[in-house]
Ligand code: CP
């Protein structure tokens, strides 16, 4: 472990609000080592041999679930996946009983996604395996926040003094909350912009966080732009006029990119609505690190599992 290392063994990963800057840095440093493993021909180390991990997903996922599964497998853990649609959850089994059932099988960690805010914290109170929150409602998505920080660290080499813009549906975004918490802890200045209906100023404005009505003001001279997925059901709820209108006023395109720093880093948690919150030119352009975010997601999740289950042994 590096000089900033702190022991995270047995610590539930519920929200970045529960982590200090040193703890975040420790995970990011380990993720650097883990990324080397992903690039090897034989992607297997025995760091978690003998450990068992369950992913328990009540909501759909492509990136988070499969990258946690690969992360566990690359580290030698046994990984079992439970999804709501193919388990006894469809027969009405409660969350509590499902957690008890998984615990009884002797697992070491449960990686959990649920639509209810606080579901992961609830799990941490009722069962003993380490709980890793893979997204609970609009509350938190800590591994996404960490992989975004890792990508920024790799590309910019620092956090202090950077300006990040987070754009879109801030109110309903667990990614935005985890980004804001993580970025502020690491010294990044955060600028938010989106439709007023999706960004109540009073909820977010505090030290180091600036709320803008116009997207242009948020992205001016930005080092990082994190574009959030706009959820189309918000339009049905009347929270923005139409997808076309949203793209015109809040979408990130080449013209708007000119306002940011030349080497601005474009992030998006995925899945993207191309042509809506982000143009295809920006999504696949030179400034985009969206594909790298996915790869970094595996490395960061390997680091999270290693620290939570072993305290961060050398690999
Ligand atoms: N970024 C993210 O959480 O993606 P998935 O929903 O595919 O896991």
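All of the numbers you see were taken from the coordinates with simple rules; none came from a lab. None of the values given here were measured: they were computed from a predicted structure. Backbone-built Cβ (ideal geometry, glycine too); neighbour counts: all protein chains shown.
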At the level of C-alpha centres, the distance separating region 130-168 and region 173-198, in angstrom, is 9 Å
Any idea what the relative contact order of region 143-293 is, in percent, if you count C-alpha pairs under 8 Å spaced at least 6 apart? 24 percent
Do the sum for the chain: with -39,500 (n - 2.57) for every DSSP H run of n ≥ 4, divided by all residues, what is the mean residue ellipticity at 222 nm, to the nearest 500 deg cm²/dmol? -11500 deg cm²/dmol
Compute the Cα gyration tensor for region 1-72, then decide on rounded, prolate or oblate, letting a ≥ b ≥ c be the square roots of its eigenvalues: rounded whenever a/c is under 1.5, prolate when a/b is larger than b/c in the other cases, and oblate in all that remain. oblate
Ranked from fewest to most other Cβ atoms within 10 Å of their own Cβ, 150, 68, 240 fall in the order 240, 150, 68
Angle between the chain longest axis and helix 63-74 axis [Cα atoms, degrees, rounded to 10]: 40 degrees
Here the Cα Rg-to-2.2 N^0.38 Å ratio for region 93-207 is 1.25
Determine, for each peptide in 112-119, 211-218, the mean count of other beta carbons within 10 angstrom over its residues, then list the peptides with the highest first. 112-119, 211-218
Given 37 °C and 0.692 mPa s, how large is the Stokes-Einstein diffusion coefficient of region 143-293 in µm²/s, with Rh as the Kirkwood radius over Cα pairs? 219 µm²/s
Rounded to the nearest 10 degrees, what's the angle between the helix 95-104 long axis and the longest principal axis of the chain, both from Cα atoms, 0 to 90? 40 degrees
The chain - Debye-derived log10 I(q)/I(0), Cα point model, q = 0.14 Å⁻¹: -1.06
In whole Å, what is the distance between the alpha-carbon centres of region 297-313 and region 22-91? 9 Å
Helix 21-38: angle to the longest alpha-carbon principal axis of the chain, degrees 0 to 90, nearest 10? 80 degrees
Would you calculate the convex hull of the Cα atoms in region 153-239 and tell me its volume per residue in Å³? 90 Å³
Global form of region 213-274, assessed from the alpha-carbon gyration tensor, a/c cut-off 1.5: prolate
